[in-house]
Amino acid sequence: MCPPYRLICLTILLIALAAARPQHNLQHIAVLENAAWEQTLPQQLQNPFYKTPRVREALARSSWFGPGEQVVLERQAEKIPRMEIYNVLSHAGLIPRRKYF
């Protein structure tokens with residue numbers, strides 16, 4: 001049998017290897033679709049601000065997961081019917097109501 005410290009070292013090594021492997025794509029499908037749509041826009045409508053390396057790095061750093069955060073695979077907001085959102089906004093007077101004939 002191997003001494004206990006070897007078993008501990010092996011366990012630590014396996015944990016480190018598992019933590020160091022590349023992560024899967026954590027972007028939500030809606031984010032990917034929006035990025036693809038933005039790439040189809042003409043150059044004059046694209047915002048050059050996000051293309052600077054310093055801004056990209058800062059945005060990537062600020063989007064890291066913090067303590068207690070986790071990946072969102074199913075957004076609850078996407079389950080709300082658009083007609084319900086329209087009704088709330090129109091009854092609040094924030095958007096004009098449709099006139100049905």
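Some values worked out for this structure:
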| quantity | calculated |
| --- | --- |
| Answer residue from segment 67-97, given it is basic (Lys, Arg) and surrounded by 10 or more Cβ atoms within 10 Å (Cβ to Cβ) and is modelled with the highest pLDDT among those | ARG97 |
| Of all residues in segment 47-64 being part of a loop (DSSP other than H, G, I, E, B) and either among the charged types (D, E, K, R) or within 21 Å of ILE29 (Cα to Cα) (or both), the one that is modelled with the lowest pLDDT | SER63 |
| Count - residues of segment 1-46 that are modelled with pLDDT under 85 and part of a loop (DSSP other than H, G, I, E, B) | 11 |
| Segment 76-101 residues that are free of Cβ contacts under 8 Å to residues at least 24 places away in the same chain, paired with ones that are among the basic types (Lys, Arg) and assigned to a helix (DSSP H, G or I) (beta carbon under 7 Å, 6 or more apart) | none |
| Counted residues, segment 65-101 - those being outside any loop (DSSP other than H, G, I, E, B) and of a type outside the set (A, V, I, L, M) | 9 |
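The values are calculated or read from the model by the stated rules, or taken from the named source; none is laboratory data. Here the structure is a predicted model, which is why all the values come from computation and not from measurement. Methodologically, a virtual Cβ is constructed for each residue, glycine included, from the backbone with ideal geometry; neighbour enumeration extends over all protein chains shown.
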